[in-house]
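Read through the structure below, which is laid out as structure tokens, and then see the notes.
Nothing in this text is a laboratory measurement; each read-out follows from the coordinates by a stated rule. If you're wondering where the values come from, they're calculated on a predicted model, not measured in any experiment. Note that each Cβ is placed from the backbone with ideal geometry, even for glycine, and that neighbours are counted across all protein chains shown.
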Amino acid sequence: MKVAIQCDSPLLQRSLELFLDGHLSSIRQCDILIRDKDIRDDVHPTFVIGVNGSCDLVKPFSKAQLLHALTQKFESCKQQSCASIEEEPLPAPEEAVSFEILERHIDKLTREYQANIIKAIRAFYEK
């Protein structure tokens, strides 16, 4: 499991980096993204750490609690993505490709491209 961390709290960011040292990767290559705000996106499954019950993990937490909750979230996301892939039937070769499927794919790629551009711009101006 590859994890990326994007937190507003520097203390939480650093703690998570220490706890998840062997699992860290870039946002582009991660399987799951950890945040301290509930900002959902379509690019990556998001794991939210916060103080209320609606979060995936409530502060304070231990390393074992973090790893357990993260593994559960990752497994549920894997099952959901497999189910959504199975639900969307592939067109028969003789059928014309549905434009709705093509439009959804183009929308997804556009959102990913836009997110990558915004990240690059933010990284440039944060230096």
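For the stretch 110-123, putting each phi into the Karplus relation 6.51 cos²θ - 1.76 cosθ + 1.60 with θ = phi - 60° gives couplings of 5, 5, 5, 4, 4, 4, 5, 5, 4, 4, 5, 5, 4, 4 Hz, in residue order, rounded to whole numbers and with x for Gly and Pro.
Residues whose amide H comes within less than 5 Å of that of F47, counting only those at least five positions distant or on another chain, are L33, I34, R35 (H built at 1.01 Å from N in the peptide plane). The simple Förster model, with R0 at 30 Å and r as the Cβ-Cβ distance, assigns L109 and E17 a FRET efficiency of 0.50. Each residue of the stretch 44-50 was assigned a 3J(HN,Hα) from its phi angle through the Karplus expression (A = 6.51, B = -1.76, C = 1.60, θ = phi - 60°), giving 10, x, 10, 10, 9, 10, x Hz with x at Gly and Pro. Counting charges near V3 (Lys, Arg +1; Asp, Glu -1) among other residues having Cβ under 15 Å from its Cβ returns a value of +1.
Counting charges near E75 (Lys, Arg +1; Asp, Glu -1) among other residues having Cβ under 14 Å from its Cβ returns a value of 0. Pairwise inverse Cα distances across the stretch 1-80, averaged and inverted, put the Kirkwood hydrodynamic radius at 12.5 Å. Dividing the C-alpha radius of gyration of the stretch 18-62 by 2.2 N^0.38 Å, with N its residue count, gives 1.20.
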